[in-house]
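Asks: Below is the structure I would like to discuss, written out as structure tokens.
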Amino acid sequence: MKLKEIAKIIRSKNAGPFYCTFDIIFKDYSDLDMVLKQNLITPESISKIYNLPTSKIKIFEYKPAFAIKITIPRPVPSGDIEDTDIYGAQQHAPLLDISVQK
């Protein structure tokens, strides 16, 4: 199964002009726990997806909200002439197809 099939919300948005943040929110603790136990969301896995050094990736688990938050630097600042997603709202798409074992 894919992450998009068990997560309630997967979204991205700017965290200021230089960073993008991702929220992965689950409907309950058991789904969050399943993903955490499989080590699917790690600096190494996010590094491969977004082609970034692991030292630039911050991951936070917030168990009371059944959530994982990821923050990465934007490739170009928001609003830069080379920016293709000014709000960072489309950057979560590669996370949708992460494989999860049920």
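Since every read-out is calculated from the coordinates, none of them should be taken as a lab result. Model, not experiment: these values are computed from the prediction. For neighbour counting, all protein chains shown are included, and Cβ atoms are generated from backbone atoms with ideal geometry for every residue, glycine included.
Asks: Go through the residues of segment 20-40 one by one and say whether even a single one is closer than 12 Å to residue 94 by Cβ, touching a residue at least 40 places away in the same chain (Cβ under 8 Å) and in contact with a His (Cβ under 8 Å, 6 or more places away or on another chain).
Replies: Yes, the conditions are met somewhere in segment 20-40.
Asks: So how many residues does segment 1-32 have that are exposed (fewer than 14 other Cβ atoms within 10 Å of the Cβ), part of a helix (DSSP H, G or I) and among the charged types (D, E, K, R)?
Replies: Summing the residues that are exposed (fewer than 14 other Cβ atoms within 10 Å of the Cβ), part of a helix (DSSP H, G or I) and among the charged types (D, E, K, R) in segment 1-32 gives 1.
Asks: Suppose we filter segment 62-89 for residues that are surrounded by fewer than 12 Cβ atoms within 10 Å (Cβ to Cβ) and closer than 30 Å to residue 37 by Cα; how many remain?
Replies: 2
Asks: Those residues that are surrounded by fewer than 12 Cβ atoms within 10 Å (Cβ to Cβ) and hydrophobic (A, V, I, L, M, F, W, C), I need them from segment 33-61; list them, please.
Replies: 60
Asks: Further question: Considering segment 48-84 alone, what residues qualify as being within 11 Å of the chain's Cα centre (by Cα) and outside any strand (DSSP E or B)? So that I can check it myself, show each step before the final result.
Replies: Looking only at segment 48-84, we keep the residues that are within 11 Å of the chain's Cα centre (by Cα), and these are 49-50, 57-60, 67-72.
Correct list: 49, 50, 57.
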